[in-house]
Structure formats: C-alpha cells, structure tokens
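The values are calculated or read from the model by the stated rules, or taken from the named source; none is laboratory data. A quick note: this is a predicted structure, and the numbers were derived from the prediction, not measured. Every residue, glycine as well, gets a Cβ built from its backbone with ideal geometry; the counts of neighbours run over all protein chains shown. Only protein heavy atoms, including side chains, enter the accessible area calculation; ligands, DNA and RNA are left aside. Shrake-Rupley method; radii C 1.70, N 1.55, O 1.52, S 1.80 Å.
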Amino acid sequence: MTYYNEHTVLYLNGGFVRAAEATMDYYSQSLHYGYSVFEGIRSYKTINGETKIFKAKEHYDRLQQSAEAMNMPYTWSAEELIVATYELLKRNKLQDAYIRPLVYAPANMNFVQNKESFLVIEAWEMQPFLGEKLLRVMSSSFQRPNPKGFRITAKAGGHYVNSILASQEAKANGFDEALLSDMNGFIAEGPGANVFYEKEGKLFTPSLGNILPGITRATVFEICEELNIPVEEKSITTEELKQADAVFFCGTAAEVIGWESLDNVKFPKPWNDSVSKTIQNFYKDKVIEKENKPTLELA
Ligand code: PMP
C-alpha cells in the first residue's frame, strides 16, 4: 500500500506541506510511548458527484474528546479542521478517501504533561467498496484493554498495539479478522470495528463501557430507527454469538461487513436474506447521500 507520492500534501500545524518533505521530532513522547490520539474518517464521492466527508463533526469532536481524555492540549475547532480537510482533499484531488488526523506530543522522554500538541492530517485514496466477501472471524486470545487501565473511549495510539496483536494472531491462524472479549470475557469488538448480531430479525450489540463508541455503530442505530428494526445493547457471550442468524462488523473503514463464521462455526442465514444486509445497503446509500425509502415496512 502506497500512502503518498511526491505530489501528496498533508496538513501540518496549520499549513500544507509536501508529505515527502514533512518531518517530526524523533524525541516525541508519542513515538516512544504511543501517546497520541487520532481519527479515521471517510470521504465519498456522492451521488451528485460532490466530495462529502461522512460525519465530519462527529469525528473531530471525538478527536477533541480523545485528546482531553489523554490530557493533551487541544486548540483546534471542529469547524476549522473540517475546512482544512476539504482543502486537503482538493489539493490531493481525492474524493473517495480515508482521512487520518493525528494529534501528537512534543519531544519529552518524561511522563509529565505537555504545554502543546501538534496536529497532522493525512489522506489517501480509498477504493469504492466492491467486495461482498463474508469474513471468517476468530475469537482472539487477546482481550481489549481494561477500562481501569486505559481511557478506552479515547482513540489513542497506544491502544492499537492490542489491535495489531489480535489482528496478526487471527491472520497467522488463517482467519480474516479477530474478535476480542472484554476483561470479563464478554464480546467486546474487533481490532478496528464494532460488532452486531442478528437473531430472529432483531439486532444485538455490546453495551458501551468496554468498547470504542463507534460513529458507525451510532449510524447503525440511526438506520434501525429509520427502518423500525429493534436493536438492543447488552452483555453477549461467545456461545450466544455462535447461535446468531447473522453477524457483522461496522466501522468507518470497514463500513458494514458481514461474517461467514466465528471459529469456523457458520452463520445459517444467507447474507442476502438478512436484516443485516438491509442495514449494509442503507449504510452504503447514506454515505453517498442516495435517498432510500424504507422497504421493510412494505414487506
Ligand atoms: N472499535 C475500534 C477499536 C476501532 O478502532 C474502530 C474504528 N475507529 C471502531 C470500533 C469503529 O469506530 P467508528 O465507527 O467510529 O470508525
């Protein structure tokens, strides 16, 4: 994967600079200790051909909340960063893009709080979602970080060491992705996505508390409301999940993506007949601003 070339620009501390020429301090506390916060945002070419950042305000608000949870100074407004991001997309001629804002710390080998933070925004091309391949998921031997040890509602760099370990373990074992439990053994989330399961037309998802409160997760709740699909948050065991009709991951990058199996136990409902598939279709339409009428009520 190539993230940039000689023409790519990024947004760095208030200005636009060529990615190939941008530098950072090797003594940064972020590099040494994973002490940074970031976002993962998508822009799409809408049905009208415009470039639209999906849920831009929600993502930049979460970036600020993450920085505050980590005691990192944060001096930017969502509004100014949204303007900068549209300009970044324009300068890089991007429409279907993945956008990565990152707030990082100055040189500091101690653990004391800093007086300033830095902000970079990078963006790269994202291929429009085509694949319908269902995921083969493995129950990870890794648990998500203990909320008493980390501020897990923050999207902080260091938390992703856990994601990397879990994802690499799943791939080394021949699976597509991992599913992690929380410190009590209940289902939590994937390395970079939230999870929902479907049973008899109703959706279930882990409650907040041990997971990242996903913006896509919130969008799935919105879609359920629009379509009158019942959805419940609760503690879920692995055994319960294996009894599901269908399961999906959702996240900004993953969008809504169905599962074939968990630990090689296949889910019985054909994906195309599932309520989950309807949610996936609605999500795909929502991000490109395509009007969609609820059809479930007519069925
Ligand atoms: N959980 C984790 C651990 C994640 O990294 C992500 C991706 N940001 C999600 C859930 C989904 O969050 P969102 O829908 O806001 O992208």
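In nm, give the distance between the simple-model label positions of E225 and R91, each being 7 Å from the Cα along the Cα-to-Cβ direction.
Using points 7 Å along Cα→Cβ, the separation is 3.7 nm.
Using only alpha-carbon positions, what ratio does the radius of gyration of the chain give when scaled by 2.2 N^0.38 Å? Before the final figure, lay out each step's value.
Details: Rg = 19.7 Å, N = 299, 2.2 N^0.38 = 19.2 Å.
Ratio of Cα Rg to 2.2 N^0.38 Å: 1.03.
Counting other C-beta atoms within 10 Å, and keeping those with at most 15, which DSSP coil chymotrypsin sites (Phe, Trp or Tyr not before Pro) do you find in segment 30-126?
For chymotrypsin sites (Phe, Trp or Tyr not before Pro) across segment 30-126 that sit outside H, G, I, E and B with at most 15 neighbouring Cβ atoms in 10 Å, the list reads F111.
Among K242/K277; K234/K286; K55/K290; K202/K290; K148/K199, which pairs are too far apart, with a Cα-Cα distance over 20 Å?
Result: K234/K286; K202/K290; K148/K199 exceed 20 Å.
Run through segment 186-239 and list the GluC sites (Glu not before Pro) located in a DSSP loop whose Cβ has at most 10 other Cβ atoms within 10 Å.
Taking segment 186-239 and a limit of 10 other Cβ atoms within 10 Å, the loop GluC sites (Glu not before Pro) found are E200.
What FRET efficiency do you get for K202 and E291 if R0 is 30 Å and r is their Cβ-Cβ distance, rounded to the nearest 0.05?
The computed FRET efficiency comes out at 0.70.
Please report the antiparallel percentage of DSSP beta bridges with both residues in segment 162-299, rounded to the nearest 5.
Details: 16 of 20 bridges.
Antiparallel bridges make up about 80 percent of those DSSP assigns within segment 162-299.
Roll a 1.4 angstrom probe over the protein heavy atoms and tell me the percent of accessible area of the chain that is carbon or sulfur.
Its accessible area is 52 percent carbon and sulfur atoms.
Rounded to whole Hz and in sequence order, give me ³J(HN,Hα) for segment 210-216 from the Karplus expression 6.51 cos²θ - 1.76 cosθ + 1.60, θ = phi - 60°, writing x for Gly and Pro.
Here the 3J(HN,Hα) series is 10, 9, 6, x, x, 6, 5 Hz.
Tell me which GluC sites (Glu not before Pro) from segment 2-65 have a DSSP coil assignment and no more than 15 other beta carbons within 10 Å of their own. Present the calculation step by step, with values, prior to reporting the outcome.
Details: sites: E6, E21, E39, E50, E58; in loops: E6, E39, E50.
Filter output for segment 2-65: E6, E50.
For a Förster distance of 41 Å, can you work out the FRET efficiency between the beta-carbons of A107 and A172, rounded to the nearest 0.05?
About 0.70, to the nearest 0.05.
For helix 56-69, report the angle its Cα long axis makes with the longest principal axis of the Cα atoms of the chain; keep it between 0 and 90° and round to the nearest 10°.
70
Using only the alpha-carbon atoms, what does segment 135-287 span along each of its principal axes? Please give whole angstrom values in decreasing order.
Sorted largest first, the three principal extents are 38, 30, 26 Å.
Which value in nm describes the separation of the simple spin-label points at K284 and Y3, placed 7 Å from the Cα toward the beta carbon?
2.9
Give the angle, between 0 and 90 degrees and rounded to the nearest 10, that separates the Cα long axis of helix 160-172 from the longest principal axis of the Cα atoms of the chain.
Result, in degrees: 50.
What whole number of Å gives the distance from the Cα centroid of segment 82-125 to the Cα centroid of segment 21-64?
Rounded to whole Å, the Cα centres lie 5 Å apart.
Please quote Rg/Rh for segment 76-200 to two decimal places, taking the Kirkwood radius as Rh and restricting both calculations to Cα atoms.
Dividing the radius of gyration by the Kirkwood radius yields 1.03.
7 Å from Cα along Cα→Cβ at both E68 and S139: what's the point-to-point distance in nm?
Label-label distance for E68 and S139, simple model: 3.8 nm.
Relative to the first principal axis of the alpha-carbon coordinates of the chain, what is the inclination of helix 275-287, with its axis defined by its Cα atoms, in degrees from 0 to 90 and to the nearest 10?
The angle comes out at about 30 degrees.
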